[in-house]
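Engineer: Handing you a structure now.
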Amino acid sequence: MDDFPIDKIQISGASLASLLHRASSAVGDSHGYLFGHAAVSTSNPLSDHPTSAAPTSLLITTITSFLSLPSHLPLPPPPPSSSTCLLGWFSARRKTPLRPSLKDSAASLSLSSSPLLAITPQNSSLSLSPSIFLLITTPFHDQLIHTHEYKAFQFRGGSFDPKSLSIVNIGPSFRSQYDSFSPNLQLPMMNSDLRGPNAMVEDEIDESLAGKRDQLRNQKQLDLCAEGFEIGRVSKLMSSEAAYTAEMEDLYDKMLAKIDTLSKLVEHSNAKVLDQENRNMRLRSRVAGLE
Amino acid sequence: MAIDTVPPLISAQINYLIGHCPFSVKVEQMWSGCKNPNLLDRFTLVIPYCLDHVKWDVIFNAMYPLAAPDVIFGPEDEGFQPYASGTGQPSKNSLANWNSRDPSRLYSLIVELRDAYMAFQRRRISEIDDERVKFEFSTMISREGIEMYMSLGTDKPEEVKFAVPLLDIDLNKLVAGCTWRHPQKVYLQVIFPVGKKYSSVPPPPRLKLISSPELKALLSTEDFKLPTWVDGMCTAEYLPNLEQMLNTQIKDAVSSIEIRRKFIQSLAPHLGRPIEADPVFCRRATFLCSSGLFTFQVHCALSLQFPKQQPALVLQSSQHFNAHGAPVKSPTLSEYPWSPRWNSSEKADRIFDFLADEALNFKKNCNQLNQQ
């Protein structure tokens, strides 16, 4: 399948930084998927020049997030295009030439030739397959400042077409970005019903017991999250100024305590993950005969 | 852990590859790509192709040595995607179902990739829009073992190179007792420029006779005078004459081994049995001699032009050493009375006479050196 040439590949500074950090902190090589969105934007050259050309349309892709895993594990089956917007994939391998490898070309080919994964950029009727390939390497000799190299390609017609990667940051020079902005925050799906007098009683009758139990568990979880922050407390804010301050301070303290517990939890689980990683590493070394 | 370790699974693959490969493959450098810089898991393979080399980087993963390797090809070969058949079907190849416990896997992968590379170059050359190259390609493609290469440089002109194996005989069997591991061949290298327009007759291609490196002990292709290329000729026409000439040359080269052997044997009555000699090609022999109390070795090197060219002699003292502890040697002596028309015993007589005089000079020099 021959794709249209992508005119611009953009990535936010934060995403690129996080990608590079993931690559450099990994024990070995890593690879993964790149997600984001694509849009056709009609640039309108605001020019006083009388002969300025007609507005040209540009196919712009923006990488917003990624999924990475060690490269000895195969990439999971890509998610269907309806739920997320898969733009392509990346491969991060240390101290290698900045050229696509045997594996890179095979993986890019299979990814871009799958019609189920094609996406439709905004404002257009084109079909774009996940053909972006981002290659991340490190220089052959360790250097203090120059620590990473990367190159973006579009896999088109069986070959890698090098593309420049523009980094998006915040500031006036990135104003044109807002044209193609699309919020893509995904809230977790939780069927929390409003338990109250106006809940539809008839529906509940139809629901099976298992469904009810499920709902109950979700509700409990939701209640746990909102513990100490009941809706009733909002009314207390309204009574008097003194009560308002006291209530506010109380809420704030509770929030701090919650964050504190949360960060402790994260710390503990991270320590456990690290412990397991080390154990895995020792097992791997034993399997590889390195001990 | 020792410094610079190659994980055993990876080193087993490399050793098998080097030990069993039908062409002489070399590991140029090894380096590490993981957090522990002492674990070497990537290396460059130098693979002979079309009388030159291609360099491929093989990327293993020391952290997960059970995983299959990845290969990065040269910068000129970005279009080379052997396992991207374009049909969408995963092609059967050596990387599929990689088993790190089987040390022959890397070997089969490299052999398979080299074959694919050969097919890739052929396809690339068959697509060139150049009448002459098209014709040469169609007449030469059927020759067994032919390799071709197209150089695409931005700074150099586009050229097509053919490496044509000559003479369908097994050279390894010609020389008794030779220890060549790889099959030896003589190739004609033919280089055609691409896409040039000529007003009249195209100029002859660049021709060069090249032998596999180990064959140099028997035959010198540099001294071989190539037949002239007649205007308007093609390579297929040029080859029969060349092969005939080469065949005679090789027969001469094989029979010259016997001449050299006889000569070394004829030296024995004068100088004693050689303490060391090359028994296969008879290109060199070392004798232990003495002149009075002074003992020294005579290194005798016979060129391929022997007996036209006289043997080069080097004397080495067994009693004098220089400041670095190495034995004192004379410069190479190749100017002494000699005639190719003398019979072997006379040649030996004359050398003995010359050595008897030269030994005294050499002894004097050695003594002077030691006194300084």
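Engineer: Out of (1) in contact with an Asp or Glu (Cβ under 9 Å, 6 or more places away or on another chain); (2) within 30 Å of B:Gln249 (Cα to Cα), the odd one out for B:His270 is which?
Structural biologist: Result: B:His270 passes all but (2).
Engineer: I'd like to check something: does the range A:103-126 contain any residue that is more than 24 Å from A:Pro5 (Cβ to Cβ) and modelled with pLDDT of 80 or more?
Structural biologist: Looking through the range A:103-126, at least one residue is more than 24 Å from A:Pro5 (Cβ to Cβ) and modelled with pLDDT of 80 or more.
Engineer: Are there any pairs, at least 6 apart or on different chains, whose C-beta atoms fall under 8 Å, with the first in the range A:14-26 and open to solvent by less than 50 Å² (accessible area, probe 1.4 Å) and the second hydroxyl-bearing (Ser, Thr, Tyr) and in a loop (DSSP other than H, G, I, E, B), and if so, which?
Structural biologist: From the range A:14-26, the pairs are A:Ser24/A:Thr138; A:Ser24/A:Thr147.
Engineer: B:Ser303 is checked against (1) open to solvent by 30 Å² or more (accessible area, probe 1.4 Å); (2) assigned by TED's automatic domain parsing to the domain that holds B:Ala359; (3) in a loop (DSSP other than H, G, I, E, B) and fails just one. What number does that condition carry?
Structural biologist: Failed condition: (1).
Engineer: Out of the residues in the range B:337-372 that are aliphatic (A, V, I, L, M) and in contact with a His (Cβ under 9 Å, 6 or more places away or on another chain), state the one that is farthest from B:His270 (Cα to Cα).
Structural biologist: The qualifying residue farthest from B:His270 (Cα to Cα) is B:Leu369.
Engineer: Any residue in the range B:26-45 that is outside any loop (DSSP other than H, G, I, E, B), surrounded by 15 or more Cβ atoms within 10 Å (Cβ to Cβ) and among the basic types (Lys, Arg)?
Structural biologist: yes
Engineer: Which numbered condition in (1) in a strand (DSSP E or B); (2) modelled with pLDDT of 85 or more; (3) surrounded by fewer than 17 Cβ atoms within 10 Å (Cβ to Cβ) is the only one that A:Leu58 fails?
Structural biologist: (2)
Engineer: When residues of the range A:124-140 are filtered for being open to solvent by 10 Å² or more (accessible area, probe 1.4 Å) and in contact with a Lys or Arg (Cβ under 9 Å, 6 or more places away or on another chain), how many remain?
Structural biologist: So the count comes out to 3.
Engineer: Given the options A:Leu216, A:Leu283, name the one that is within 32 Å of the chain's Cα centre (by Cα), open to solvent by 70 Å² or more (accessible area, probe 1.4 Å) and either modelled with pLDDT under 75 or within 14 Å of chain B (Cβ to nearest Cβ) (or both).
Structural biologist: A:Leu283
Engineer: Another question about this same structure. So, in the range A:95-143, how many residues would count as being of a type in the set (Val, Ile, Thr) and within 14 Å of chain B (Cβ to nearest Cβ)?
Structural biologist: So the answer is 4.
The values are calculated or read from the model by the stated rules, or taken from the named source; none is laboratory data. What you see is a predicted model, and the numbers here were worked out from it, not measured in a lab. Methodologically, a virtual Cβ is constructed for each residue, glycine included, from the backbone with ideal geometry; neighbour enumeration extends over all protein chains shown. Surface areas here come from the heavy atoms of the whole protein model, side chains and all, with no ligands, DNA or RNA. Shrake-Rupley method; radii C 1.70, N 1.55, O 1.52, S 1.80 Å.
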